[in-house]
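These notes are about the structure you will find just below.
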Amino acid sequence: MVLSYCRGTLFDDTLRAYISHFQERGMGIANAAVLGMGLLAQGPLPSWHPAPEEVRNACNNAQQYCQSLGVSLEKLGLWYSMNQFPGVHTTVVGMTTTKMVEQNLNSDTISTEEQLILNHIMERYFAPLKVRHWEGRELAKIRAKLSRR
């Protein structure tokens, strides 16, 4: 079993490149943190979040665009992660309220209008990203602190 974390999302689809590799080895695939540990959710992002500024800004801009149209970026993000990664066996998403559970249960389909909005945010906000993840950033910070000692 492989647990992919924040790599099968609207802003980072690098999981896609590894699915066949995992399948050839008979491994199950879980796609976790598909809302990017809050990047694709409404509300303030935790101060500890390791995402680079470019990713944070893209997600924030997509969120503002969706809100201006009355569309839930969370719904689009969850739908995308559940439907655009064939070969993934399960999707893991965190929820803290009953309302979130209900919203997530309603993310199994999107309307034609929502699909058009999804296409737009993918092209406008996420496709241009040069850096899509934060792998190694925390380790680099730790090493930098240790080198100053």
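Read the figures in this text as sums done on the coordinates, not as results from a lab. Here the structure is a predicted model, which is why all the values come from computation and not from measurement. Backbone-built Cβ (ideal geometry, glycine too); neighbour counts: all protein chains shown.
List the lysines whose Cα lies under 30 Å from the Cα of residue 141, skipping any in the same chain that are fewer than 8 positions away. List returned: 130. Taking 0.36 nm per residue of sequence separation and removing the Cα-Cα distance, the residue 45/residue 1 pair yields an extension gain of 12.9 nm. Take every Cα pair under 8 Å whose residues are at least 6 apart in sequence, average their separation, divide by the length of the chain, and the relative contact order is 31 percent.
Residues whose amide H falls under 5 Å from that of residue 29, counting only those 5 or more places apart or on a different chain, are 2, 89, 90, with hydrogens built in the peptide plane. The length gained by stretching the chain between residue 119 and residue 61 to full extension, at 0.36 nm per residue less their Cα-Cα distance, is 19.4 nm. Dividing the mean sequence gap of close Cα pairs (under 8 Å, 6+ apart) by how many residues segment 1-85 holds gives a relative contact order of 33 percent. Each of 59, 6 was scored by other Cβ atoms within 10 Å of its Cβ. Listed from fewest to most, they are 6, 59.
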